[in-house]
Amino acid sequence: PALTSHDGQVRADHPVIIRAIGQVQSATSLRLMLRDPLAFLWRYALGWQSLVEAEQPLSLDARAYGELVHDLLKRAVDLLEPDPGYGRATQIEIGSALDTAVAAIAIQWPLVRAVPPLLLWRHTLAAARDLALKALTLDEAFQPSTRSWTELAFGREEDDAIATPDLLWPPTAQVTIPGTNVRIRGSIDRLDFNSIRNGVRLSDYKTGAEPPKAGDIVLGRGAELQRVLYALAARQLVPDNPRVIARLVFLGDDLPKSYRLPDVDQAIADIGGHVLAADNLLRRGVALPGPDAREDWNDYRLALPAAPAIYFQLKQAALGRAFGDFSRVWSAR
């Protein structure tokens, strides 16, 4: 029942962990830091990664399908900007841009990744195009002087950045979580910027099923971080303290549904407190399995004991004592 090094107990201030924490973090790495510190250690301190199946699938998994929809969105908006401009484009022009994007992806994706057989691949592309069209026609009218970008990057390394003069900020622009020394990187699904009103609207697209009480989600117990990180990036990188609207957009139903972050400033403060607590936890050497370790989709289940249900039952009390007040992160909405 006691915790040992086999459970993830590490000496305090271990240099490998300190180095991992000091790297530029993403929403994915921060989720592991908050919800499964042991997997964070395995992935970002030791460099362990799960293998990707290369065999031809009959369908794309949820992650790959989401990447497909996001790729369509980026290509379509890039085709529409700056002329005629996504905000001024008609539905016919948006549909035409999506058709061009589909044609390009249909050829390029099979060259670099596993896709379904041809007939199923065409069906997948058609379904993804429908979702992308929903996303791009969700907003019926745009204010004058509004520009849009998709997959707008921040926090990139110099070697990975592609210089484009038309961006709202350079891809290497640095963003730091308030109250911490943790730098973050990411790509904003879509950003609309109104220069006259100095207003920013951020959209985080979700291709999966809408969860219960989606309107109540802020950080989703540490699992839903992108929207808040996007808002933080906009606050720090757009001059003159812009007004920020950050929303989740679920595309899976017949009509897309969007949910705004109710209080952007409070959400940014909350994520700062949570990440600081996770930072302190790892520095103390408490790199233990969190709630995500118990999920069936966890890529690192192979590295856990072979009978995880019995293991977590045996260790439950000791894990609770070790995590202490940090476990409050997993009950925050």
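The values are calculated or read from the model by the stated rules, or taken from the named source; none is laboratory data. Computed from a predicted model, the values in this text were never measured in an experiment. So basically every Cβ, Gly included, is an ideal-geometry build from the backbone, and we count neighbours across all protein chains shown. Surface areas here come from the heavy atoms of the whole protein model, side chains and all, with no ligands, DNA or RNA. Shrake-Rupley method; radii C 1.70, N 1.55, O 1.52, S 1.80 Å.
Okay, here's what the table says:
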{"quantity": "Tabulated pairs, region 270-291, first in contact (Cβ under 8 Å) with a residue 24 or more places away in the chain, second small (Gly, Ala, Ser) and assigned to a helix (DSSP H, G or I), C-beta under 7 angstrom, 6+ apart or interchain", "calculated": "His274/Gly222; Val286/Ala322; Leu288/Ala322"}
{"quantity": "Which numbered condition Asp130 misses (of (1) modelled with pLDDT under 85; (2) surrounded by fewer than 19 Cβ atoms within 10 Å (Cβ to Cβ))", "calculated": "(1)"}
{"quantity": "Failed item, numbered, when Ser187 is tested on (1) modelled with pLDDT under 90; (2) among the small types (Gly, Ala, Ser); (3) closer than 20 Å to Leu251 by Cα", "calculated": "(1)"}
{"quantity": "Matching entry among Asn241, Asn194 (being farther than 25 Å from Val24 by Cα and over 18 Å from the mean Cα position of the chain (by Cα))", "calculated": "Asn194"}
{"quantity": "Residue that is nearest to Leu255 (Cα to Cα), among those in region 190-218 that are open to solvent by 20 Å² or more (accessible area, probe 1.4 Å) and among the hydrophobic types (A, V, I, L, M, F, W, C)", "calculated": "Ala209"}
{"quantity": "All positions within region 219-258 that are under 26 Å from Asp279 (Cα atoms), open to solvent by 10 Å² or more (accessible area, probe 1.4 Å) and assigned to a loop (DSSP other than H, G, I, E, B)", "calculated": "Ala223, Glu224"}
{"quantity": "Unmet criterion (only one of (1) modelled with pLDDT of 85 or more; (2) part of a helix (DSSP H, G or I); (3) not polar (S, T, N, Q)) for Gly87", "calculated": "(1)"}
{"quantity": "Selection from region 174-188 of residues that are open to solvent by 10 Å² or more (accessible area, probe 1.4 Å) and assigned to a strand (DSSP E or B)", "calculated": "Thr176, Arg183, Gly186, Ser187"}
{"quantity": "Condition met for Ala101 (open to solvent by less than 30 Å² (accessible area, probe 1.4 Å), farther than 21 Å from Asn194 by Cβ and touching a helix residue (DSSP H, G or I) at 6+ places or on another chain (Cβ under 7 Å))", "calculated": "yes"}
{"quantity": "Residue within region 19-30 that is part of a loop (DSSP other than H, G, I, E, B), over 19 Å from the mean Cα position of the chain (by Cα), surrounded by 11 or more Cβ atoms within 10 Å (Cβ to Cβ) and not β-branched (Val, Ile, Thr) present", "calculated": "no"}
{"quantity": "Among (1) over 19 Å from the mean Cα position of the chain (by Cα); (2) aliphatic (A, V, I, L, M); (3) modelled with pLDDT of 90 or more; (4) open to solvent by 20 Å² or more (accessible area, probe 1.4 Å), the one test that Leu167 misses", "calculated": "(3)"}
{"quantity": "Test: residue in region 297-304 that is of a type in the set (A, V, I, L, M, F, W, C) and under 22 Å from the mean Cα position of the chain (by Cα)", "calculated": "yes"}
{"quantity": "Test: residue in region 270-282 that is out of contact with any Cys (no Cβ under 8 Å at 6 or more places or on another chain) and either in a loop (DSSP other than H, G, I, E, B) or at positive phi (or both)", "calculated": "no"}
{"quantity": "Enumeration of residues in region 107-117 that are in a helix (DSSP H, G or I) and either over 26 Å from the mean Cα position of the chain (by Cα) or surrounded by 15 or more Cβ atoms within 10 Å (Cβ to Cβ) (or both)", "calculated": "Ile107, Trp109"}
{"quantity": "Any pair with Cβ under 6 angstrom, 6 or more apart, that starts in region 97-113 at a residue that is of a type outside the set (Gly, Ala, Ser) and ends at one that is assigned to a loop (DSSP other than H, G, I, E, B) and surrounded by 13 or more Cβ atoms within 10 Å (Cβ to Cβ)", "calculated": "Trp109/Val115"}
{"quantity": "Any hit, region 274-281, residues being modelled with pLDDT of 95 or more and among the charged types (D, E, K, R)", "calculated": "yes"}
